[in-house]
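Undergrad: Can you keep this structure in mind? I'll have questions shortly.
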Amino acid sequence: MNLKLDEIAHFLGKEASETPGPEISGVRPLEFATDKDITYVAEAKFMRLLGTSKAAAVLVPRGMSVPERPFIECTNPEADFARLSKLFYGYPKKSCSNVSESASVHPTARIGDHVTIDAYAVIGKNAEIGSGTSIGAHTVVGEGVSIGQDTTIFPNVTIYPCVAIGSRVIIHAGAVIGADGFGYARDVDSSGSVMNIKKFHSGSVEIQDDVEIGALTAIDRALAGVTTIGADVKIDNLVQIAHNVNIGPGTVIASQSGIAGSSSVGSFGMLGGQVGIRDHVSVGNGVVLATRVGIYRDVPDGSVMAGSIPAMPHTIFLRVQSLFKRLPEMLERIRNLERTVLQNRKDKS
Amino acid sequence: MNLKLDEIAHFLGKEASETPGPEISGVRPLEFATDKDITYVAEAKFMRLLGTSKAAAVLVPRGMSVPERPFIECTNPEADFARLSKLFYGYPKKSCSNVSESASVHPTARIGDHVTIDAYAVIGKNAEIGSGTSIGAHTVVGEGVSIGQDTTIFPNVTIYPCVAIGSRVIIHAGAVIGADGFGYARDVDSSGSVMNIKKFHSGSVEIQDDVEIGALTAIDRALAGVTTIGADVKIDNLVQIAHNVNIGPGTVIASQSGIAGSSSVGSFGMLGGQVGIRDHVSVGNGVVLATRVGIYRDVPDGSVMAGSIPAMPHTIFLRVQSLFKRLPEMLERIRNLERTVLQNRKDKS
Amino acid sequence: MNLKLDEIAHFLGKEASETPGPEISGVRPLEFATDKDITYVAEAKFMRLLGTSKAAAVLVPRGMSVPERPFIECTNPEADFARLSKLFYGYPKKSCSNVSESASVHPTARIGDHVTIDAYAVIGKNAEIGSGTSIGAHTVVGEGVSIGQDTTIFPNVTIYPCVAIGSRVIIHAGAVIGADGFGYARDVDSSGSVMNIKKFHSGSVEIQDDVEIGALTAIDRALAGVTTIGADVKIDNLVQIAHNVNIGPGTVIASQSGIAGSSSVGSFGMLGGQVGIRDHVSVGNGVVLATRVGIYRDVPDGSVMAGSIPAMPHTIFLRVQSLFKRLPEMLERIRNLERTVLQNRKDKS
C-alpha cells in the first residue's frame, strides 16, 4: 500500500507539514525505517536521534522543529505509530466467507457472515462464531463456545467447551483457553494411602472485547463462576492464568507471568515478565509490577512493586548467598553491639 | 442431574440429616452455590461463613451443629466435595466406540472397546489404546505408544513414539510428552570452531495411572532409561519435566515449575508455582516447596522450603538491592566493631 | 543396528583397542549401559565409575589404562558419545518423498526431494521446503515460509508467514515461531478512557542452520527487521524469545528462560533454566548465566553471573525475608555504631 503523507495525516485526523508530501509505503521505528517509511519520535528528548534515520517522514510531539523532513505533529506519536502499523500491516479484513472444505463444522454451529475457517479447524456443537471472525488451521472450538465479531484466532489453539470470547479478540497459536483449573483434595483411602481427588471444574472463562492472548498461554476455567479477562487486556506468550482469576480492563501482562487461583488484578496495570502472583491475592488498579517480582499479599491501587534479585558475578554471589541465611544473626550482633556501646557510654558518664 | 440429599449421602457412604432432603442439581463452593447446590465447609473455623451461602445443603466436618440447613457429616468435607464434583461434572463415560471418520488410525494400531477418537487425531503404527479411553481432536499418538483404560487426552496433544501412559490419566490440551531431552556435548571442529553435538535420546517416558497433566506441559524422554511420573501425580499447566526425572506417587506440581535433568522428587510432595529444581538433585518424600523457590541441592524427607524474595515498593527495593552485594562488607564491619568494642572493654578493665 | 567395535572406531576416525572387538548395538551412559552397549567416561577422575557399568566397551580420555574392557581413546569422549547417539538413534534419513494424502499443500508451494509431510500438515502459499526435510502431523507452515534441507519439524508446530528456517534445524512439538511481538502504545480516547493500541509487527524471524528449538517454545517476529537465532543455537522447552531479539551462534538456552524485546545474547553462551533477561539489554559472548538469574543490564563478554536466591527451610526464610527490607536500617545502625565507637576512642585518647 502506498499513501501520500497528507493521506496519512488525514487518516490520523491531523495535518501534514506538506501537501501532498512524500509517498509512504510503510511505518517503522527510527533505526529500521527505509526512505519509503514514516517513523516516529516518542518524546522531545529523542529528537536528536532523528538525524540517524532514513525515514521519508516522521510523527513528532507537538511543538518540535523538524529540520529538513516532512512531519506530522501528534499528541502521542507512539500511539499514532501503532495506528499506522494497523493501517499498513493489520490482519486483512475479509469481504466473503471462506470455510475450508477440510474443516469440521458441526451442523448445529451458527457461523456469521464473512467468516474464515481454515483447514482442519473443528467447530463444535452449538458453537457460535460472529461475523468477520477467522479461525486458524487445526484450531478446536469446543461445544457451546461463543465468539464475537472480527476476532482472529491463529492455528493450533484449543478452546474448551462453553468458553465465551468477545469481539476484536486476537488469540495466538497454541493457546489453551478453558482447561480445568488445578485443584485437588487430599484424602486417605480405606487402606490409609494418601490420594489426590480431582475437583472437576463447572465454571467457565470469559474473554472480553479487544483482548489479545499470546502464543502458548493457558487460561483455566473456574471451579465455579467465571475466570474473567477484562476488555482490552493484553497477555503475552506462555502466561498462566489460573481458575477464578479476574483481570481488570486494560491491564498488560508480559511473558511467562503466572497468576494463581482466585487472585485478581485491577484495571490498567502493567505486569513485567516472569511475575508470579500467589493464589487468593488482590492486586489493585493501576499497579506496576516489575519483571520477575513475586506477589504474596494484596497490593494497593497505584503501587509500583519490585523485588526480584538481580544477577551479579558468580564469585560475589556465592558469598552474598551464604549471608542471606545469616541476616538474623547479623541483626542480633548489631543489637548486642548497640547494647554494649550504650553500656560503655553509661559506664563512662 | 438432580439427586435428593439422601441419594448424595448414599453415594458418599454417609448419612443425610434429613430423608429424602432437598433436591440437589450441583455442587459449588460457599460463595458460588445456588439454592439448588450442595456446598461444603472444610473446617470448623469456617462454619461462620455458611450463613452467607445460598446453598440448599452442606457437607460439614463431623460434630458441627448446623442451624437451619440440611447437611451431611464428613470426615473430610473437601474430599467429598471433590467426589461430588466428579459425580456432577466428571467427563462423560462412553458406552460405545466413536472413531471420527477424519481420524487417521494406523491399521496396526490396537484400539479397545468404547474408545473415542476425535476429528483428525493421528494414531501411529503399533499404538495401543485401552478401553474407554478418549483421544482429542488433532492429538498425535506416536508409533508404539501404549495408553491404558479410561484415559482422557484433550486436543492438540503430541505424544512422541514409544511413550507409555497408564489408566485413568488426564492430559490437557497442547501438552507434549516424550520430546528429546536437552543435552549436547561441546566440541571443536577441525577448524577450531566450537560446536554443540546433540545427544539423541533413546530412553522413554512412563506416565503411571491416575496422573493428570496440565495444558502446555512438556515431559521429555530419557537419554537412556525412563522419565517416570508416578501414580496419582498431578501436574499443572506450562510445567517442564526434563529427561530422566523421576516423580514419586501422589506429588502435586503447580504451574510453570521446572525440574531439570536427572533430578527426582519423592512421593506426596507439594510444589508451588514457578518452582525451579536444578539437575541431578534429589528432593525427598513429603517435601513442601513454597511457590517460586529455587532448589540447588538435595532436600531431606519432610522438609518445608521457601526462599524466593517477595515484592516490595520499588523505591525501597532499589536501596535493598544495592545492599545485597554489600552484605559481605556489612558483616566485616560488624566484626571490626566487635573487635574494637571488645578491645575498649579490655582497655578499660 | 549392530556394529563391531572397530567399525565404531572407524566411524569416529579413531582406533579400537581390539579388532574387530565386541559387537555393539547401542550407546548409553555408564549406569544405563547393557552388555551390548558402548559407554563413555568423560574425564579421568570418573574412571573409577567404569567398574560399575555393564558396558561391552568404552570411550575413554586419551592416556587412560582400561583394565579388562575394550576401549577407544578419544580427545573428547562425551562428544564422541553424542556422535554415536546420532549413529544409533538419529532421526531416520528418508530416501523417497512421502507426502500424506491428508496433508494440505498449497499448489504454489515448492517442495524438494525426499520430503516427508505427515497427516493433516498445512503448507501455505509460496512456502518452500528443502530436500530431506520432514514436517510433522498438524504442523502449519505459513504463507511464504522458507525451510532449508534435512530439517525436522515435529507435530503441532505453528510457523507464521514469512519466517525463514535453515537447514538441519530441529523444531519440537507445539513450538510457535513468528507470532506477533508484544507491543502496545497507551493512549486516551476522546472520552478520556485509557486504551492499548497494538503495534502490528511487520518484521520476521530467521532461524539459522543447525538450530534446535524445544517443545512449546515461542519465538516472536520483529516489530521491524528480524528476530535472529544464530547457527547452532540450542533452545530448550517453554522458552520465550521476544521480538527483535538476536542470539549469537552456538548459544545454549535451558528451559523456561525468557529474553525480552530487543535484547541480544552473544555467541557460545550458556543460559541455565528459568533465566530472565529484560528488554534492550546486551549480553556478551561466552557468558554463563546460572539457572534462575535475572539480568537487568548489559553483561560483558565472558562473565559468569548468578543471583537467584536459593531455598532454605521455611521457618528460617520467614525471618530472613523480613530482614531484606531492613537492610538499609541495618547499614545505618552499623554506621552509627562506627561513629560512636570512634568517638569513644577519641574521647579516651
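Undergrad: If you count, for every residue in A:5-18, the Cβ atoms of partner chains within 10 Å of its Cβ, what is the mean?
TA: 0
Undergrad: Here is a follow-up. Which value in nm describes the separation of the simple spin-label points at A:R297 and C:D189, placed 7 Å from the Cα toward the beta carbon?
TA: With each label point 7 Å from Cα toward Cβ, the separation is 3.8 nm.
Undergrad: Next question, about the same structure. What 222 nm value per residue comes from the helices of chain B, counting each DSSP H run with n ≥ 4 as -39,500 (n - 2.57) and dividing by all residues, nearest 500 deg cm²/dmol?
TA: After summing the helix terms and dividing by residue count, I get -5000 deg cm²/dmol.
Undergrad: Quick one: buried accessible area between C and B, total over both chains, 1.4 angstrom probe, nearest 100 Å²?
TA: Chains C and B together bury approximately 6000 Å².
Undergrad: Pop a pseudo-label 7 angstrom from the Cα along the beta-carbon direction at both B:T34 and B:T19 and give the gap in nm to one decimal.
TA: Going from the B:T34 label point to the B:T19 one covers 3.0 nm.
Undergrad: Toward the positive end of the charge dipole of region C:146-284, about the Cα centre and with charges on Cβ (Lys, Arg +1; Asp, Glu -1), which of C:N237, C:G166, C:S190 goes farthest?
TA: It is C:S190, whose Cα lies furthest towards the positive end.
Undergrad: Report ³J(HN,Hα) in whole Hz for each residue of region C:267-280, in order, from the Karplus equation J = 6.51 cos²θ - 1.76 cosθ + 1.60 where θ = phi - 60°; Gly and Pro get x.
TA: 8, 6, x, 10, 10, x, x, 6, 6, x, 10, 6, 6, 6
Undergrad: Give, rounded to the nearest 20 debye, the magnitude of the charge dipole that region A:42-188 has about its Cα centre when Lys and Arg contribute +1 at Cβ and Asp and Glu contribute -1 at Cβ.
TA: 500 debye
Undergrad: Which residues of region A:287-306 show a drop of at least 30 Å² in accessible area when all protein chains are present, compared with their chain alone (probe radius 1.4 Å, heavy atoms only, ligands and nucleic acids excluded)?
TA: When all protein chains are present, A:T291, A:R292, A:G294, A:Y296, A:V304, A:M305, A:A306 each give up 30 Å² or more of accessible surface.
Undergrad: Also, I was wondering about something else. Once the dipole of chain C is set up with Lys and Arg at +1 and Asp and Glu at -1 on Cβ about the Cα centre, which of C:P107, C:V157, C:P300 lies farthest towards its positive end?
TA: Toward the positive end, the furthest listed residue is C:P300.
Undergrad: Just to confirm a number: summing +1 for Lys and Arg and -1 for Asp and Glu over residues other than B:N196 whose beta-carbon lies under 13 angstrom from that of B:N196, what do you get?
TA: Net of charged neighbours comes to -1.
Undergrad: Next up: Using R₀ = 22 Å, calculate the FRET efficiency as 1/(1 + (r/R₀)^6) where r is the Cβ-Cβ separation of B:K325 and A:V304; round to 0.05.
TA: Once the sixth-power term is evaluated, E becomes 0.45.
Undergrad: Using a 1.4 Å probe, how large is the accessible area of A:K346, given in Å² and rounded to the nearest 10?
TA: So the heavy atoms of A:K346 present about 120 Å² to solvent.
Undergrad: Would you list the P(r) distribution for region C:92-138, with all Cα-Cα distances sorted into 10 Å bins from 0 and each bin expressed as a whole %?
TA: Spelled out bin by bin, region C:92-138 gives 32, 60, 7 percent.
Undergrad: Follow-up question, since we're still on this one. With the cut-off at 23 Å, report for region C:3-89 the share of all Cα pairs above it, as a whole percent.
TA: Value for region C:3-89 (Cα pairs over 23 Å): 7 percent.
Undergrad: So, with a 1.4 angstrom probe, what is the percent of accessible area on chain A that is carbon and sulfur?
TA: Of the solvent-accessible surface of chain A, carbon and sulfur hold 51 percent.
Undergrad: Let me ask something else about it. Can you give the charge dipole size of the protein assembly as shown about its Cα centre, rounded to the nearest 20 debye, using +1 on the beta carbon of Lys and Arg and -1 on the beta carbon of Asp and Glu?
TA: In total the dipole reaches around 4540 debye.
Undergrad: Put A:M330, A:M195 in order of accessible area, largest first, 1.4 Å probe: what do you get?
TA: Ranked list, largest accessible area first: A:M195, A:M330.
Undergrad: Kindly identify residues of region B:152-169 having a loss of at least 50 Å² in accessible area between the isolated chain and the assembly of all protein chains, probe radius 1.4 Å.
TA: Residues passing the criterion (a loss of at least 50 Å², heavy atoms only) are B:N156, B:Y160.
Undergrad: Would you be so kind as to identify which of C:M330, C:G90, C:S65 lies farthest towards the positive end of the dipole of the protein assembly as shown, taking Lys and Arg as +1 and Asp and Glu as -1 on Cβ and the Cα centre as origin?
TA: C:M330
Undergrad: Run the paramagnetic zone check for C:C96: 7 angstrom along Cα to Cβ, then residues of region C:117-140 with backbone nitrogen under 19 Å.
TA: Answer for region C:117-140: C:117-119, C:131-135.
Undergrad: Tell me, what is the per residue accessible area of chain A in Å², probe radius 1.4 Å?
TA: 39 Å²
Undergrad: Local charge sum around C:V211 (other residues, Cβ-Cβ under 9 Å, Lys/Arg +1, Asp/Glu -1)?
TA: -2
Undergrad: Put a dot 7 Å past each Cα toward the Cβ at B:V66 and C:E43; how far apart are the dots in nm?
TA: 6.4 nm
Undergrad: Here's a follow-up. Working with all protein chains in place, sort C:E31, C:E7, C:E212 by solvent-accessible area computed with a 1.4 Å probe, largest first.
TA: C:E31, C:E7, C:E212
Undergrad: Counting Lys and Arg as +1 and Asp and Glu as -1, what is the net charge of the other residues whose Cβ lies under 9 Å from the Cβ of C:V233?
TA: Combined, the nearby Lys, Arg, Asp and Glu give -2.
Undergrad: I need the inter-copy label distances for B:S349: point set 7 Å along Cα to C-beta, values in nm with one decimal, smallest first.
TA: In nanometres, ordered from closest: 2.4, 2.4.
Undergrad: Further, regarding this structure: Please state the charge dipole magnitude for chain A, taken about the Cα centre, from unit charges on C-beta atoms (+1 on K and R, -1 on D and E), reported in debye and rounded to the nearest 20.
TA: Here the size comes out at about 1700 debye.
Undergrad: Taking just the alpha carbons, could you work out the radius of gyration and Dmax for region A:143-201, both in angstroms?
TA: Gyration radius and largest Cα-Cα distance of region A:143-201: 17.5, 56 Å.
Undergrad: Could I ask something else about it? How large is the direction-averaged shadow of the alpha-carbon convex hull of region A:266-329, in nm²?
TA: The orientation-averaged projected area of the Cα hull of region A:266-329 comes to 5.5 nm².
Undergrad: How fast does chain C diffuse by Stokes-Einstein, in µm²/s, taking the Kirkwood radius from C-alpha pairs at 10 °C and 1.306 mPa s?
TA: 66 µm²/s
The values are calculated or read from the model by the stated rules, or taken from the named source; none is laboratory data. If you're wondering where the values come from, they're calculated on a predicted model, not measured in any experiment. Backbone-built Cβ (ideal geometry, glycine too); neighbour counts: all protein chains shown. Heads up: the accessible areas ignore ligands, DNA and RNA and are worked out on the full protein's heavy atoms, side chains in. Shrake-Rupley method; radii C 1.70, N 1.55, O 1.52, S 1.80 Å.
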